[in-house]
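Visitor: My questions will all concern the structure given below.
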2 protein chains.
Amino acid sequence: MKRLVLLSPEESAVRLSRLRSSLADAGIDAALISDNANIYYLTGRVFAGYVYVPAVGPEIYFVRRPIGLEGDGVVYIRKPEQIAETIGLNVPATLALELDVTTWSDVSRLSAIFGESKTANASPLMRRLRAVKTEAEIRLMKISGEKQERVYRRVPHLYRQGMTDMELQVEIERLSRLEGCLGQFRISGDSMELYMGNVLAGENADNPTPYDFAMGGEGLDPSLPVGCNGSIIKPGESVMVDVNGNYTGYMTDMTRTFAITTVDTLAQKAHKCSIDICAAIAAAGTPGTEAKSLYTIAEKMAAEAGLERYFMGHKQKAGFVGHGVGIEINELPVIAPRSKDILAENNTIALEPKFVIPGVGAVGIENTYIVTTQGMECITNAPQQIISFT
Amino acid sequence: MKRLVLLSPEESAVRLSRLRSSLADAGIDAALISDNANIYYLTGRVFAGYVYVPAVGPEIYFVRRPIGLEGDGVVYIRKPEQIAETIGLNVPATLALELDVTTWSDVSRLSAIFGESKTANASPLMRRLRAVKTEAEIRLMKISGEKQERVYRRVPHLYRQGMTDMELQVEIERLSRLEGCLGQFRISGDSMELYMGNVLAGENADNPTPYDFAMGGEGLDPSLPVGCNGSIIKPGESVMVDVNGNYTGYMTDMTRTFAITTVDTLAQKAHKCSIDICAAIAAAGTPGTEAKSLYTIAEKMAAEAGLERYFMGHKQKAGFVGHGVGIEINELPVIAPRSKDILAENNTIALEPKFVIPGVGAVGIENTYIVTTQGMECITNAPQQIISFT
């Protein structure tokens, strides 16, 4: 038998008690959690089943699969209807389900089991909790940052003359995986899709995608229209590398720009502007800061440099310069014009002020930061300038 | 401007008219489709938005992203509420939404837009439609099968002495990607997760997973507990390779078993039984056959060979021997004991009767087949015996 909860007892208690406080604050009596990302947050592992957390009283882990897990509160079930047998008469007056990630059919089935409970939404609540990382989570993110950095430092050596963007991406994927990258790219929201990462060379960066990522690309097939499209990498073009940093279950997000030799002065200027924006936001991003004010910094600096036409895309623009990152790539806070998020200590945020320069491609950087009282601490520390392939 | 619908006009008409017939049969007035897999099915591309298909009247493509698509019925929107403006007074009495894949929150928002419509479930309807492939879809599946086969034939040459299961998987991933594999593994259902594929060596095959796949594995991290776990591949163990065959937007699913030299006689017997089960089911699987009767064939043959303890897993067992495959890896029909599915011509089905032998590992094969009036035609034709690494 193996322990179901892989978190230390202290870490588990911290996360559960924060969830209980949120429930109590919202006047909710219990939460029933089934999303893999949230189950991983609450237990340190993924299992098929549910974590039932009452505002008052012990948590229960309802497990469908795998076999062989044990611990306080572990109850094996074959189907969710069996939850009712365990809960018995302690039916919560209000039950929070993950309405933003669970399907209509699954919510209907769960609601029927708790027929007398009023349904509330656990999704925004869990998103807010998960946005503020614990020390243990930050340790895992720093490990991912270090490993991702090690891979990025070796990217220039992977290039061979005549390579396509796809061939380069495959070699980066291989290097990442051998370094321990899990590959999996957890994203909240079904409509977001990406395979391991995005390598954008030259004009392909200006191809718009259906997805809500910072950058686009045509992709290799209309069934997955994002990223590299098989073009040969040419001198004078930029090659933007934004590849998965999930080495621990917690992701860092990092982008660097490469070129065979160099890129034109406009692209160089835009790249420098991206580095400067990151530094300016990192300095300003202390706890209590409005996320939208950080977007304004980026927008102003891009405009002052005369680069607004290229900022966050050229033909199609993204509506944000940064986003929370952790178990999923699109966490809170969002650094966007109309964001209502306020930065908190131990938010972990990826900043990606990028530019698409026609005839050159995408330039700029992305780093992952931890919000501290001194500003944002970078945990993805590879060289930031445009790097020539060697 | 680019064409929104990438299917030929004839192909598009076939798929839409089949959907319209299903709607009419079910007494539903219109469907609003937003799932990426279903949008790809109806248009030949993924976009962010909705396909609105009334049982009677022209279809409308509501597009949020990317910019620059055009064609009959294309309407750009920023938010779903704008759909109402276009529909105007033609509000359907009954509207089908994808209740099994769309979140509670998104369904609620869409239902509110169509306030006067009764909501029906488009998910089972689309799953049934997509289970029967058109000739154009079968062409794409055959291309995937050929490419996947080419990769599998080269797997024995990727092994190096002292390699871990993970290192072998990475080299297979690289080879697949260079052959054109898109990597993306479309799965219906949020709780199913896997990165590109599963390489199971030795005892790791007996580690149970939370996921509803045929085989398990501990995985590299508790955040993604499935597949290879970093063990060194040892003589006498089996190495089961089940890696992504998505080369065209349509996947084939294929498994082969390898070994450094050979495996013991029990494992050899089980492997042969797997090949025999595939052949027996393929011969029996004509249109009109009950899916559950094919499961019974597998179960009986495993029992007659004295292998039921190892059939479809040892410590934890999977509940099926086959599944539909196409745009997603888990389509209809399901070959399981209580399946109500009936085979139809041009179903595409992966059969994977597998065994886990303690002390050896996973053995058996998997192939993808097309259901024809003559039985099931295999489209993944690499050698089936246990193959020694060279």
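The values are calculated or read from the model by the stated rules, or taken from the named source; none is laboratory data. Since the model is a prediction, treat every value here as computed from it, not as a measurement. Backbone-built Cβ (ideal geometry, glycine too); neighbour counts: all protein chains shown. Surface areas here come from the heavy atoms of the whole protein model, side chains and all, with no ligands, DNA or RNA. Shrake-Rupley method; radii C 1.70, N 1.55, O 1.52, S 1.80 Å.
Visitor: Give me the inter-chain shielding for A:247-255: mean count of other chain Cβ atoms within 10 Å, whole number please. Present the calculation step by step, with values, prior to reporting the outcome.
Guide: Numbers: counts 2, 2, 5, 1, 0, 0, 0, 0, 0.
Per residue, the average neighbour count from other chains is 1.
Visitor: Out of A:Arg338, A:Arg150, A:Arg128, any idea which swings most in a Gaussian network model of chain A, alpha carbons joined below 10 Å?
Guide: A:Arg338
Visitor: What's the average, rounded to a whole number, of partner chain beta-carbon atoms within 10 Å of each residue's beta-carbon in B:213-224?
Guide: Details: counts 0, 0, 0, 2, 0, 1, 4, 8, 11, 10, 17, 10.
That works out to 5 on average.
Visitor: With the calculation restricted to Cα positions, what are the radius of gyration and Dmax of the protein assembly as shown in angstrom?
Guide: Calculated on Cα positions, Rg and Dmax stand at 25.8, 78 Å.
Visitor: Can you work out the Karplus-derived ³J(HN,Hα) for every residue in segment A:78-94? Use 6.51 cos²θ - 1.76 cosθ + 1.60 with θ = phi - 60°, whole Hz, and x for glycine or proline.
Guide: Result, rounded to whole Hz: 9, 8, x, 4, 5, 4, 4, 4, 6, 5, x, 8, 7, 5, x, 5, 10.
Visitor: Moving on to the next point. Return the Rg/Rh value of segment A:243-322, two decimal places, where both radii are evaluated on C-alpha atoms and Rh is the Kirkwood radius. Mind showing how you got there, number by number?
Guide: Details: Rg = 14.4 Å, Rh = 14.4 Å.
Radius of gyration over Kirkwood radius for segment A:243-322 works out to 1.00.
Visitor: Using only the Cα atoms, work out Rg/Rh for segment A:178-262, with Rh taken as the Kirkwood radius, to two decimals.
Guide: Working: Rg = 13.3 Å, Rh = 13.6 Å.
Ratio value, two decimals: 0.98.
Visitor: Amide H to amide H, which residues 5 or more places from A:Ile187 or on other chains are under 5 Å from it, using H placed in the peptide plane?
Guide: Under 5 Å from the amide H of A:Ile187 lie the amide H atoms of A:Ile329, each far enough along the sequence or on another chain.
Visitor: What three numbers, in Å, describe the spread of the alpha carbons of segment B:1-158 along their principal axes, ordered from the longest?
Guide: Principal axes ranked by extent give 62, 36, 32 Å for the Cα atoms.
Visitor: Stokes-Einstein at 20 °C, 1.002 mPa s, Kirkwood radius from Cα pairs: D for segment B:71-129 in µm² s⁻¹?
Guide: Details: Rh = 12.5 Å.
My calculation gives 171 µm²/s for D.
Visitor: Tell me the distances, shortest first, between A:Gly236 and the same position across the other copies, using label points 7 Å along Cα→Cβ, in nm to one decimal.
Guide: Result for A:Gly236, in nm, nearest copy first: 6.3.
Visitor: What average count of beta carbons from other chains do you get within 10 Å of the Cβ of residues in B:178-186? Spell out each step's value before the answer.
Guide: Working: counts 5, 0, 4, 3, 7, 9, 10, 1, 3.
That average works out to 5.
Visitor: Rule-of-thumb check for chain B: C-alpha Rg over 2.2 N^0.38 Å?
Guide: With N residues counted in chain B, Rg over 2.2 N^0.38 Å equals 1.05.
Visitor: Evaluate the charge dipole of the protein assembly as shown about its Cα centre and quote only its size in Debye, nearest 20, assuming +1 on the Cβ of each Lys and Arg and -1 on the Cβ of each Asp and Glu.
Guide: Numbers: 76 positive and 92 negative charges, 98 e Å.
For the protein assembly as shown, the charge dipole is close to 460 debye.
Visitor: Between segment A:91-163 and segment B:112-177, how many Å separate their Cα centres?
Guide: So the two Cα centres are separated by 25 Å.
Visitor: Follow-up question, since we're still on this one. Report the gain in length on full extension from B:Gln374 to B:Ser388: 0.36 nm times residue separation, minus Cα-Cα distance, nm rounded to one decimal. Let's see the in-between values first.
Guide: Numbers: separation 14, 0.36 × 14 = 5.04 nm, distance 3.34 nm.
1.7 nm is the gain from fully extending B:Gln374 to B:Ser388.
Visitor: Size of the dipole of segment B:102-246 about the Cα centre, Lys and Arg at +1 and Asp and Glu at -1 on the beta carbon, nothing else charged, in debye to 20? Could you put the intermediate results ahead of the total?
Guide: Values: 17 positive and 20 negative charges, 156 e Å.
I would put it at about 760 debye.
Visitor: Ok, one more. If you average the alpha carbon positions of segment B:43-90 and of segment A:321-390, how far apart do those two centres end up, in angstrom?
Guide: The two parts, judged by their Cα centres, are 33 Å apart.
Visitor: Further question: Between A:Val74 and residues 5 or more places away or on another chain, which pairs have amide H atoms under 5 Å apart, with H built 1.01 Å from N, and which residues are they?
Guide: Counting only residues 5 or more places away or on other chains, the set is A:Tyr61.
Visitor: Among the chymotrypsin sites (Phe, Trp or Tyr not before Pro) within segment A:184-281, which fall in a DSSP loop and have no more than 16 other Cβ atoms within 10 Å of their own Cβ?
Guide: none
Visitor: Still on this structure: Kindly write out, for segment A:362-377 in residue order, the coupling ³J(HN,Hα) from the Karplus curve 6.51 cos²θ - 1.76 cosθ + 1.60 (θ = phi - 60°), rounded to whole Hz, with x marking Gly and Pro.
Guide: Ordered by residue, 3J(HN,Hα) equals 8, 10, x, 10, 9, 10, 9, 10, 10, 6, 10, 5, 8, x, 8, 9 Hz.
Visitor: Sort A:Thr252, A:Thr286 by heavy-atom solvent-accessible area, probe 1.4 angstrom, most to least.
Guide: Details: A:Thr252 0, A:Thr286 40 Å².
Greatest to least solvent exposure: A:Thr286, A:Thr252.
Visitor: Treating each Cα of segment A:280-354 as an identical point scatterer and ignoring solvent, apply the Debye formula and state log10 I(q)/I(0) at q = 0.16, 0.21, 0.24, 0.26 Å⁻¹.
Guide: With one equal scatterer per Cα and no solvent, log10 I(q)/I(0) is -0.54, -0.88, -1.10, -1.24.
Visitor: Something else now. Given a cut-off of under 8 Å on Cα pairs at least six residues apart, what relative contact order in percent is computed for segment A:138-201? Display every interim value, and only then the final one.
Guide: Details: 27 pairs, mean separation 21.2, N = 64.
It rounds to 33 percent for segment A:138-201.
Visitor: Under the rule of -39500 (n - 2.57) per DSSP H run of 4 or more residues, summed and divided by the residues of the protein assembly as shown, what mean residue ellipticity at 222 nm is obtained, to the nearest 500 deg cm²/dmol?
Guide: Details: 18 runs with 235 residues, N = 780.
After summing the helix terms and dividing by the residues of the protein assembly as shown, the value is -9500 deg cm²/dmol.
Visitor: Using a Gaussian network model on chain A with a 10 Å cutoff between Cα atoms, which of A:Asn330, A:Asn207, A:Asn121 fluctuates the most?
Guide: Of the options given, A:Asn121 has the highest mean-square fluctuation.
Visitor: A further question follows. Which residue, A:Pro80, A:Pro333, A:Pro358, has the most motion in a Gaussian network model of chain A that connects Cα atoms within less than 10 Å?
Guide: Highest fluctuation among the options: A:Pro80.
Visitor: Something else about it: B:Thr262's amide H: which non-local residues (gap 5+, or another chain) put their own amide H closer than 5 Å, with H modeled 1.01 Å from N in plane and none for Pro or chain starts?
Guide: Hits under the 5 Å cutoff: B:Gly236.
Visitor: OK, next. Every other copy gets compared here: list the nm distances from the B:Met1 label point (7 Å along Cα to Cβ) to its counterparts, shortest first, one decimal.
Guide: Copy-to-copy label distances at B:Met1, shortest first: 6.7 nm.
Visitor: Using only the Cα atoms of segment B:224-264, each taken as one equal point scatterer with no solvent, compute I(q) by the Debye sum, divide by I(0), and report log10 of the ratio at q = 0.19, 0.21, 0.31, 0.33 Å⁻¹.
Guide: So the normalised log intensities work out to -0.72, -0.80, -1.06, -1.11.
Visitor: Keeping all protein chains in position, work out how much accessible area B:Lys300 exposes to a 1.4 Å probe, and write it in Å² to the nearest 10.
Guide: My reading of the accessible area for B:Lys300 is about 120 Å².
Visitor: Given a Förster distance of 25 Å, report the FRET efficiency between B:Lys315 and A:Val75 from their Cβ-Cβ distance, rounded to the nearest 0.05.
Guide: Working: r = 20 Å, r/R0 = 0.80.
Once the sixth-power term is evaluated, E becomes 0.80.
Visitor: Let me ask something else about it. Is the shape of segment A:1-92 rounded, prolate or oblate, going by the alpha carbon gyration tensor and its root eigenvalues a ≥ b ≥ c, with a/c under 1.5 for rounded and a/b larger than b/c for prolate?
Guide: Working: a/c = 1.81, a/b = 1.14, b/c = 1.58.
Judged from the Cα gyration tensor, segment A:1-92 comes out oblate (a/c at least 1.5, b/c at or above a/b).
Visitor: Residue by residue through segment B:25-41, which ³J(HN,Hα) values in whole Hz follow from phi under the Karplus form 6.51 cos²θ - 1.76 cosθ + 1.60 (θ = phi - 60°), with glycine and proline marked x?
Guide: 4, 8, x, 9, 8, 6, 10, 10, 10, 9, 5, 4, 5, 6, 5, 4, 4
Visitor: Please sort by residue number the GluC sites (Glu not before Pro) in segment A:82-177 whose DSSP state is loop and whose Cβ has at most 11 other Cβ atoms within 10 Å. Intermediate values should be presented prior to the final figure.
Guide: Working: sites: A:Glu85, A:Glu98, A:Glu116, A:Glu135, A:Glu137, A:Glu146, A:Glu149, A:Glu167, A:Glu171, A:Glu173; in loops: A:Glu98, A:Glu116.
Sparse-neighbourhood loop GluC sites (Glu not before Pro): A:Glu116.
Visitor: Let me ask you something else. Please report the Cα spread of segment A:2-49 along all three principal axes, rounded to whole Å, starting with the longest.
Guide: The Cα atoms of segment A:2-49 stretch 34, 23, 14 Å along their principal axes.
Visitor: Would you mind giving the three semi-axes, in whole Å and largest first, of the ellipsoid equivalent to segment B:244-288 according to its Cα gyration tensor?
Guide: On the way: eigenvalues 132, 79, 4 Å².
Its equivalent ellipsoid spans semi-axes of 26, 20, 4 Å.
Visitor: Follow-up question, since we're still on this one. Please identify the trypsin sites (Lys or Arg not before Pro) of segment B:42-110 that satisfy two criteria: DSSP loop assignment and at most 10 other Cβ atoms within 10 Å. Which are they? Please report the intermediate quantities before stating the final value.
Guide: Working: sites: B:Arg45, B:Arg64, B:Arg78, B:Arg109; in loops: B:Arg45, B:Arg78.
The qualifying sites are B:Arg78.
Visitor: If r is the Cβ-Cβ distance from A:Ala279 to B:Ser8 and R0 is 51 Å, what FRET efficiency results, to the nearest 0.05? Present the calculation step by step, with values, prior to reporting the outcome.
Guide: Values: r = 52 Å, r/R0 = 1.02.
Step by step, r from the Cβ atoms, then E = 0.45.
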